[in-house]
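*Asks:* Questions regarding the structure given below will be posed in turn.
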Amino acid sequence: MTAASLLGLDRLLVMLVAGLWGAAAGYTLAARGTPRLSRGAAALVIAALAATVARAVVAVLLARHSWWFAGEKLLLVLPLLLVPAMLAAARSIRSPVQAWPVLSAAYAAVAGLVVALGVGFPASPYVVAVIVAAWAAGTLATWFMLAGKGPRGRAWRVAGSAVLAVALAWTGLSLWNTRPPDDLVLAARGNIDVSTLRGTAAGPVKRFTLTAGQTAEGRLTFNGTSPGPTLRVTRGDTVEVSLRNELPDRGVTLHWHGYHVPNGEDGVPGLTQDAVTKGGTFVYRFPASQTGTYWYHTHETPNLALQRGLFGAFIVDQAPPQGVDEPVFLHTFDGAVTLPAGRTVEPGSAVRLRVINTDNGPHLLGLSGTPYRIAAVDGIGVNGRELTGERAQLAAGGRYDLTFTMPEGPVLLTADSASFPLTPRAGDRLPGPAAGELIDITQYGERTAQGPARFDRDYTWVLDKLITPRGGLPRLSHTVNGQVWPRIPAAIVREGEWVRFTVVNRSGDLHPMHPHGHHVLVLSRNGVRAAPIWMDSFDVAPGEVWEVALQAGNPGLWLAHCHELKHAAEGMTLHFAYEGVRSPYAVGDTHGNHPE
Ligand code: C2O
Ligand code: CU
């Protein structure tokens, strides 16, 4: 069974286990002291036991995929449940019926539900202690009460109310601590200020101005269009972009997705700059030292503003482009993916379609009518085999450069059900959409890139969906290691290090992960060695484990987040920090900085 289906099964079982033990507890409580349990009640205990065993089996199977799928189940939840469960089985069928072991098992089952819904993995020692203590206290209190030894009357009520008051105060305080920050400095200490990590002019300077505005229909634009103008330069140039904000009601920044800009040019409000407010300007300047297909977008409330149009292409050429060479955006406006209506292309011309997925989710790309290659992934060239009819999934934020020589007949690019015909003459009959196999991008290309022999640091990011305090209320959130933005601890790195990140998806959602300012070398996916391949946006599907390597060569404070920007806004945003770098900026409403 796949890890994803085991995770789904476990989600069902955890509820079943809690429900069955709860019901069994009710029945045994009613039958306590009688010679024996009724048939129905005994069946409930047996069913609860069976569900518990099933959950244990699923946990062991999950652990064989990755420890990170099952750690808390095998170390905490199941041991807590198995002991009272076995006692329950032994004691409740004995005469007279004893109820406390079944109640204890029910408490453990509920603890398991709480862990599954709200804690995830890794659980902090503090949370583990609270859970074990609550279960033990519940079991003890039950035992005393059922044995008729409990404190009576006033003392009992006072103690009970005191416990309740402490629990309520603690819950209230924890929630209060998670209210949206007004003014939160993410990295207050360090000798290097991000505002000094700026680019300088070297080589020919290419100047652009991008003005954020809004159309009458509410689309957000740069220089009046969405996508905004394509910024195209040659390697070795210095790029200088003046951002102006003419939006009535929101701040704007420019983030250079995938580009290794100096940190102060990264456009993350509250981390690398303050969002540009109405009438304001910010000048970005950086060397165009990488070639390839990149894109820019605002990073102030990106889930709203990027989706409404604040993005464009950024292309760096090695040499003047040949033939047809242009960006193709995959962006959903008004419920439909916008692809150009069609284009005529002279047979024999070289074609490079720079497909950029600016959407929140993946697109399935196909090309029919000609063999083609994926010549670059996320801006970096790959040397892959020729594809005929095969399709490839492009992650949100990711780019594939598709190259081919225009044949005598028409060619059809498809993204899910949208299509873009390229025809030698208008009116030519189009080929059917590509319907071939789905290629695995981590296996595409030659094994040329090399990871290091050893890593200086190792981090694990466990992605999950949990009910967790966010913005002052318990909400369903997309979590990393059980936490949400801005409380996910930063991964610390040092310049020159090789850092390995293991990204584990325990949730039922796809997460296109994107670290800023760096590409990562994909080492393996689900334990299968990758080509390897450099990427800056990679789809971690439910039940998947990706190992990626990051070479720390660009000092600063860098955001990393899910590029399904709804998920990013619902918690799945964090940052990684080079030692010794501080930020003078703050996230929150006071400064209007909302990078998530
Ligand atoms: Cu396109 Cu923070 O990302
Ligand atoms: Cu996500």
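*Asks:* Yes or no: the range 412-424 includes at least one residue that is farther than 28 Å from residue 294 by Cα, more than 16 Å from ligand 2 (Cβ to nearest atom), open to solvent by 40 Å² or more (accessible area, probe 1.4 Å) and outside any strand (DSSP E or B).
*Replies:* No, the conditions are met nowhere in the range 412-424.
*Asks:* Scan the range 467-487 for residues that are open to solvent by 10 Å² or more (accessible area, probe 1.4 Å), closer than 22 Å to residue 586 by Cβ and not charged (D, E, K, R) and jot them down.
*Replies:* 469, 471, 472, 483, 485, 486
*Asks:* Of all residues in the range 32-55, which are buried (at least 20 other Cβ atoms within 10 Å of the Cβ) and assigned to a helix (DSSP H, G or I)?
*Replies:* Matches in the range 32-55: 41, 44, 45, 48, 49, 51, 52, 55.
*Asks:* Right, next: Being more than 15 Å from ligand 1 (Cβ to nearest atom) and either over 25 Å from residue 401 (Cβ atoms) or in a loop (DSSP other than H, G, I, E, B) (or both) is the filter here; which residues of the range 532-544 pass it? Show your work before the answer.
*Replies:* Just the residues of the range 532-544 that are more than 15 Å from ligand 1 (Cβ to nearest atom), to begin with: 532-534, 540-544.
Within the range 532-544, 541, 542, 543, 544 meet the criteria.
*Asks:* In the range 108-152, how many residues are basic (Lys, Arg) and touching a Ser or Thr at 6+ places or on another chain (Cβ under 7 Å)?
*Replies:* Within the range 108-152, the subset basic (Lys, Arg) is 149, 152.
Subsequent filtering for residues that are touching a Ser or Thr at 6+ places or on another chain (Cβ under 7 Å) retains none.
Summing the residues that are basic (Lys, Arg) and touching a Ser or Thr at 6+ places or on another chain (Cβ under 7 Å) in the range 108-152 gives 0.
*Asks:* Answer yes or no as to whether residue 596 is within 15 Å of ligand 1 (Cβ to nearest atom) and either of a type outside the set (A, V, I, L, M, F, W, C) or in contact with a helix residue (DSSP H, G or I) (Cβ under 9 Å, 6 or more places away or on another chain) (or both).
*Replies:* Judged against the criteria, residue 596 is a match.
*Asks:* Let me ask something else about it. Collect the residues in the range 551-576 that are within 16 Å of ligand 1 (Cβ to nearest atom) and over 22 Å from residue 296 (Cα atoms), keeping them in residue-number order.
*Replies:* Initially, the range 551-576 is screened for residues within 16 Å of ligand 1 (Cβ to nearest atom), giving 554, 556-576.
Scanning the range 551-576 gives 570, 571.
*Asks:* Also: Considering only the range 228-265, state which residues are within 16 Å of ligand 1 (Cβ to nearest atom), open to solvent by 10 Å² or more (accessible area, probe 1.4 Å) and more than 17 Å from residue 201 (Cα to Cα).
*Replies:* 251
*Asks:* For residue 542, are the conditions met, namely being open to solvent by 10 Å² or more (accessible area, probe 1.4 Å), within 15 Å of ligand 2 (Cβ to nearest atom) and within 12 Å of the chain's Cα centre (by Cα)?
*Replies:* yes
*Asks:* Let me ask something else about it. Of (1) assigned to a helix (DSSP H, G or I); (2) open to solvent by 20 Å² or more (accessible area, probe 1.4 Å); (3) away from ligand 2 (no atom under 16 Å from the Cβ); (4) not hydroxyl-bearing (Ser, Thr, Tyr), residue 303 satisfies all except one. Which?
*Replies:* Answer for residue 303: the failing condition is (3).
*Asks:* Tally time: how many residues in the range 475-494 are in a strand (DSSP E or B) and of a type in the set (Gly, Ala, Ser)?
*Replies:* Residues meeting the conditions: 2.
*Asks:* Hey, can you tell me all the residues within the range 150-196 that are in contact (Cβ under 8 Å) with a residue 60 or more places away in the chain and aliphatic (A, V, I, L, M)?
*Replies:* Residues satisfying the conditions are 175, 184, 185, 186, 187, 188, 192, 194.
*Asks:* Could I ask something else about it? Output the number of the condition that residue 510 fails; it satisfies all remaining conditions of (1) within 16 Å of ligand 2 (Cβ to nearest atom); (2) on the phi < 0 side of the Ramachandran plot; (3) surrounded by 22 or more Cβ atoms within 10 Å (Cβ to Cβ).
*Replies:* Among (1) within 16 Å of ligand 2 (Cβ to nearest atom); (2) on the phi < 0 side of the Ramachandran plot; (3) surrounded by 22 or more Cβ atoms within 10 Å (Cβ to Cβ), residue 510 violates only (3).
*Asks:* Next question. Pick from 533, 488, 492: which is within 16 Å of ligand 2 (Cβ to nearest atom) and more than 12 Å from the chain's Cα centre (by Cα)? Lay out the reasoning, then the answer.
*Replies:* Details: 533 fails: within 16 Å of ligand 2 (Cβ to nearest atom); 492 fails: within 16 Å of ligand 2 (Cβ to nearest atom).
Only one candidate passes the filter, namely 488.
*Asks:* Looking at 457, 429, which one is touching a residue at least 24 places away in the same chain (Cβ under 8 Å) and open to solvent by 50 Å² or more (accessible area, probe 1.4 Å)?
*Replies:* Just a single option satisfies the conditions, and that option is 457.
*Asks:* Considering only the range 576-596, state which residues are open to solvent by 10 Å² or more (accessible area, probe 1.4 Å) and within 16 Å of ligand 2 (Cβ to nearest atom).
*Replies:* If the condition is that a residue be open to solvent by 10 Å² or more (accessible area, probe 1.4 Å) and within 16 Å of ligand 2 (Cβ to nearest atom), then 596 is the only one that fits.
*Asks:* Would you check if residue 124 is closer than 27 Å to residue 163 by Cβ, open to solvent by less than 10 Å² (accessible area, probe 1.4 Å) and among the hydroxyl-bearing types (Ser, Thr, Tyr)? Please lay out each step first, then the result.
*Replies:* Details: closer than 27 Å to residue 163 by Cβ: yes; open to solvent by less than 10 Å² (accessible area, probe 1.4 Å): no; among the hydroxyl-bearing types (Ser, Thr, Tyr): yes.
So residue 124 does not fit the description; no.
*Asks:* Also: Among (1) in a strand (DSSP E or B); (2) closer than 29 Å to residue 407 by Cα; (3) open to solvent by 30 Å² or more (accessible area, probe 1.4 Å), which single condition is residue 285 missing?
*Replies:* (2)
*Asks:* Can you list residue pairs whose Cβ atoms sit under 8 Å apart, with the first residue in the range 328-356 being in contact (Cβ under 8 Å) with a residue 12 or more places away in the chain and the second being acidic (Asp, Glu) and open to solvent by 50 Å² or more (accessible area, probe 1.4 Å)? Count only pairs 6 or more apart in sequence or on different chains.
*Replies:* 337/416; 347/408
*Asks:* Can you name the residue in the range 495-523 that is farther than 30 Å from residue 6 by Cα, in contact with a Pro (Cβ under 9 Å, 6 or more places away or on another chain) and not in a strand (DSSP E or B) and is also farthest from ligand 1 (Cβ to nearest atom) among such residues?
*Replies:* 495
*Asks:* I would also like to ask the following. Can you name every residue in the range 545-570 that is crowded, with 22+ Cβ neighbours inside 10 Å, part of a loop (DSSP other than H, G, I, E, B) and not small (Gly, Ala, Ser)?
*Replies:* 563, 564, 570
*Asks:* Among the residues of the range 520-539, write down those that are open to solvent by 10 Å² or more (accessible area, probe 1.4 Å), in contact (Cβ under 8 Å) with a residue 24 or more places away in the chain and farther than 26 Å from residue 465 by Cα.
*Replies:* Answer for the range 520-539, where residues must be open to solvent by 10 Å² or more (accessible area, probe 1.4 Å), in contact (Cβ under 8 Å) with a residue 24 or more places away in the chain and farther than 26 Å from residue 465 by Cα: 532, 534.
The values are calculated or read from the model by the stated rules, or taken from the named source; none is laboratory data. Everything numeric in this text was worked out from a predicted model, so none of it was measured. We place every Cβ from the backbone using ideal geometry, glycine too, and count neighbours over all the protein chains shown. The accessibility values were calculated without ligands, DNA or RNA, using every heavy atom of the protein model including side chains. Shrake-Rupley method; radii C 1.70, N 1.55, O 1.52, S 1.80 Å.
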